[in-house]
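Notes follow once the structure below has been shown.
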Number of protein chains: 2
Amino acid sequence: MKKLGVLGTGMVGTTIANKLLELGYEVMMGSRTASNDKQKAWILNKGDKAHIGTFDQAAAFGELLFYCVKGDTAVQIAKSLTPSNIKGKTIIDISNPLDFSKGMPPFLAPALTNTNSLGEELQKVMSEAHLVKSLNIVSSTIMVSEYKPGDSPTMFISGNNADAKQETMHLLKAFGWKDIIDLGDITTARGTEMLLPLWVRTMQTLGHPNFAFTVSR
Amino acid sequence: MKKLGVLGTGMVGTTIANKLLELGYEVMMGSRTASNDKQKAWILNKGDKAHIGTFDQAAAFGELLFYCVKGDTAVQIAKSLTPSNIKGKTIIDISNPLDFSKGMPPFLAPALTNTNSLGEELQKVMSEAHLVKSLNIVSSTIMVSEYKPGDSPTMFISGNNADAKQETMHLLKAFGWKDIIDLGDITTARGTEMLLPLWVRTMQTLGHPNFAFTVSR
């Protein structure tokens, strides 16, 4: 696998795209408009392995995709993708169904939590692809940093396809994760997405996002 | 403080009551019926510091109370207590709004999660008391065991009253907790209660409940 697509140009998308370039992959970062300001800033001096395009172009480009869009538009963007561009591909879904409409702390979109999850909803919409929920429970720097807080914090994966989870596991290890728990199918994404309310309040209490959860056992 | 009340006779109530006796407190364990089989079994050979009674008798007896009843009856039992019996008292609430009506894994009662919590609802119902949510995120043995998994797992507290949180902190330390994070007011119980879906799935994956979450930072 050489070519990866990153959908989303926020802090998460940028951090993931930079790390993938550092690891030697060819990367296309996709947005709604193909060349928004964040993409233009990102691609400066990045060399010939960095590309920008629309969401659909990034989906077509990547042999594996990172889904890094905001929760409130995640389903809509998924619906806009051409099915043949994602067919059979692993999509690592980092999105969370956070609703900031009432300020901080956010709550989770009621239709996408507890008895459902954004991960499940995206898997339904992108039924041709193999979704794996992961990385959604830490801040962007911790996602890819070689130095993780604590001895060895835990990362979870949830997904229906064993090969897609293997590919995800491989990338997580390259991102510095050593303790990875495979929770099971995509419905287990309910668990990790529902960690976000505690993550936000812990962040507010500590005053910084430089922490991760470890399953001590 | 010498006399404590424990409301609930399940695994959590029994474990907490035993630990409190071990720590030298006088304890009354309360149930709906004053002397159910679990209470009768529990009090055998416990000496003169152990007592059994109704929920309301245990509430009246204790200078501080542990609330260890099942989530689906927690609000109803709270409403049944005589307000003067709980007035001004700290209540450490270990309950979770788990709904097992559709089997494993449980979901959270929709009206008591995300934009509300069981902790908040109980504080509203027991408005004379000072509720502190804690201990609800680990299995009963880990709650009180001197030997905790990992280096020093994290326990959270949520509550509106500073003195009640100090009392809780004191007991948590006696239970072996060293890393305690005060998340803020009782609304932050949303965070710890919403950890339960991940707790259950982690338990199912590991095959045992002998783990705890550590905030690595």
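The condition of being over 13 Å from A:M29 (Cα atoms) and in contact with a strand residue (DSSP E or B) (Cβ under 9 Å, 6 or more places away or on another chain) holds for only one of A:I43, A:I77, that being A:I77. With respect to B:L171, determine if the residue is closer than 22 Å to A:R190 by Cα and more than 9 Å from chain A (Cβ to nearest Cβ). Answer is no for this residue.
Among the numbered conditions (1) away from chain B (no Cβ under 14 Å); (2) farther than 25 Å from B:S216 by Cβ; (3) in contact with a strand residue (DSSP E or B) (Cβ under 6 Å, 6 or more places away or on another chain), the only one that A:I86 does not meet is (3).
Please go through segment A:189-214 and give me each residue that is among the aliphatic types (A, V, I, L, M) and assigned to a helix (DSSP H, G or I), ordered by number. Listed by number, the residues that qualify are A:A189, A:L196, A:L198, A:V200, A:M203, A:L206. Taking the criterion of being more than 7 Å from chain A (Cβ to nearest Cβ) and polar (S, T, N, Q), the residues of segment B:184-217 that qualify are B:T187, B:Q204.
Of B:S145, B:S101, all but one fail to be among the hydroxyl-bearing types (S, T, Y) and under 21 Å from B:L64 (Cα atoms); the exception is B:S145. Looking across segment A:193-216, the residues that are touching a residue at least 60 places away in the same chain (Cβ under 8 Å) and not hydrophobic (A, V, I, L, M, F, W, C) come down to A:E193, A:P197, A:R201, A:Q204, A:P209, A:N210, A:T214.
Within segment B:66-78, can you find the residues that are more than 24 Å from B:H170 (Cα to Cα), of a type outside the set (A, V, I, L, M) and either open to solvent by less than 50 Å² (accessible area, probe 1.4 Å) or touching a helix residue (DSSP H, G or I) at 6+ places or on another chain (Cβ under 6 Å) (or both)?
Hits for segment B:66-78 are B:G71, B:T73.
With respect to the stated conditions, A:N161 fails to be of a type outside the set (D, E), within 21 Å of B:T192 (Cβ to Cβ) and more than 11 Å from every other protein chain (Cβ to nearest Cβ). The helices (runs of 4 or more DSSP H) found wholly in segment A:88-188 and carrying at least 1 residues that are of a type in the set (G, A, S), touching a residue at least 24 places away in the same chain (Cβ under 8 Å) and crowded, with 21+ Cβ neighbours inside 10 Å occupy A:118-125, A:162-174. Evaluate segment B:72-83: report whether one residue or more is closer than 27 Å to B:N161 by Cβ and in a loop (DSSP other than H, G, I, E, B). For segment B:72-83, residues closer than 27 Å to B:N161 by Cβ and in a loop (DSSP other than H, G, I, E, B): present.
The values are calculated or read from the model by the stated rules, or taken from the named source; none is laboratory data. In this text, all values refer to a predicted model and were calculated from it rather than measured experimentally. Virtual Cβ from ideal backbone geometry, glycine too; neighbours counted across all protein chains shown. For accessibility, only protein heavy atoms count, side chains too; no ligands or nucleic acids. Shrake-Rupley method; radii C 1.70, N 1.55, O 1.52, S 1.80 Å.
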